[in-house]
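Below is one structure, written out as structure tokens; comments come after it.
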Amino acid sequence: MGIIGWSFFPVSVYQAISQAFPALEICKADDLLNEMRIIKSECELDMLRRAFAIAEIAVQKVIEAIKPGMTELQVVGLAQQAIYENGAEYEGMPQYVLSGRKTTYAISRPTYKVIEKGELVQLNLSVRVGGYSSGVGRPVYMGKMPAEVKDLVSFGLEAHIKTME
């Protein structure tokens, strides 16, 4: 018998099955399901495309409305409004709006920190449609972006493109 979700499978259930069926071979089957899920149907691809399109709309709405003086969480609210107005069933992942020093963290949480002029803001907005999630990440600068920040942002974009090759 193949078990999917091996790392979460309760030991007590494993023991009960083993006792009830001593000749049964029980094995991990996570890889089988993972291989099957790699290939997407046209319907699944449509849901992923729709989720991505809504995430792009949310990013655009945020870029149009964001301004110094807003908090990171106010910007999350703008993103949430945009995704739900455009057909999302839920967020794909937590919405990340990180500003200033927090843009250097791999993972953080948006807070009531006030976004200031001259700060970089990292947007990572995600959407779920039909159970499938897609997201868009984009840096936004509050003002004219200095050359050194532009170089870093360009380097990040180049690295991202490299991962797609």
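The numbers here are math on the coordinates, done by the rules we state, and not lab data. This structure is a prediction, so every number in the text was calculated from the model and none was measured. For neighbour counting, all protein chains shown are included, and Cβ atoms are generated from backbone atoms with ideal geometry for every residue, glycine included.
Listed by chain and number, the lysines whose alpha-carbon sits under 18 Å from that of residue 102, ignoring those within fewer than 8 places in the same chain, are 67, 113, 117, 150. If you take all other residues with their beta carbon under 9 Å from the beta carbon of residue 142, and give Lys and Arg +1 and Asp and Glu -1, the sum is 0. Neighbour counting of Cβ atoms within 10 Å sorts the residues 14, 96, fewest neighbours leading, into 14, 96. Between residue 73 and residue 32, the contour length at 0.36 nm per residue exceeds the alpha carbon distance by 10.7 nm. Between residue 101 and residue 161, the FRET efficiency estimated from the beta carbon spacing at R0 = 25 angstrom works out to 0.45. Each residue of the stretch 148-165 is assigned a 3J(HN,Hα), and the resulting list reads 5, 5, 4, 4, 5, 5, 5, 4, x, 5, 4, 5, 4, 4, 4, 5, 8, 6 Hz, derived from the Karplus form 6.51 cos²θ - 1.76 cosθ + 1.60 (θ = phi - 60°), x at Gly and Pro. When Lys and Arg each count +1 and Asp and Glu each count -1, what net charge do the other residues less than 11 Å away from residue 125, Cβ to Cβ, add up to? It works out to a net charge of 0. Here the extension length gained between residue 117 and residue 8 equals 34.6 nm, from 0.36 nm per residue of separation less the Cα-Cα distance. Close amide H contacts of residue 141 (hydrogens built in the peptide plane, cut-off under 5 Å, sequence separation of 5 or more or a different chain): 121. Going from the residue with the fewest nearby Cβ atoms within 10 Å to the one with the most, 155, 9 rank 155, 9.
Counting only DSSP H runs of at least 4 residues, each contributing -39500 (n - 2.57), and dividing by the residue count of the chain, the helix-based mean residue ellipticity at 222 nm comes to -14500 deg cm²/dmol. Against the longest alpha carbon principal axis of the chain, how many degrees, from 0 to 90 and to the nearest 10, is the axis of helix 72-85 turned? Long axis of 72-85 versus the principal axis of the chain: about 70 degrees. Between the labelled values [x] 30, 17, 15; [y] 41, 18, 17; [z] 21, 18, 16, the entry that holds semi-axes √(5λ) of the Cα gyration tensor in Å as derived from this structure is [y].
With θ taken as phi - 60° and the Karplus curve 6.51 cos²θ - 1.76 cosθ + 1.60 applied, the whole-hertz 3J(HN,Hα) list for the stretch 113-123 is 4, 7, 7, 10, 4, x, 10, 7, 10, 9, 9 Hz, x standing for glycine and proline.
Listed by chain and number, the aspartates and glutamates whose C-alpha is less than 13 Å from the C-alpha of residue 61, apart from same-chain residues fewer than 8 away, are 85. Report the relative contact order of the stretch 15-165, percent, no decimals, based on alpha-carbon pairs under 8 angstrom and at least 6 residues apart. Reported relative contact order: 24 percent. By the rule of a C-alpha distance below 19 Å, with chain neighbours fewer than 8 residues away ignored, no lysines are paired with residue 28.
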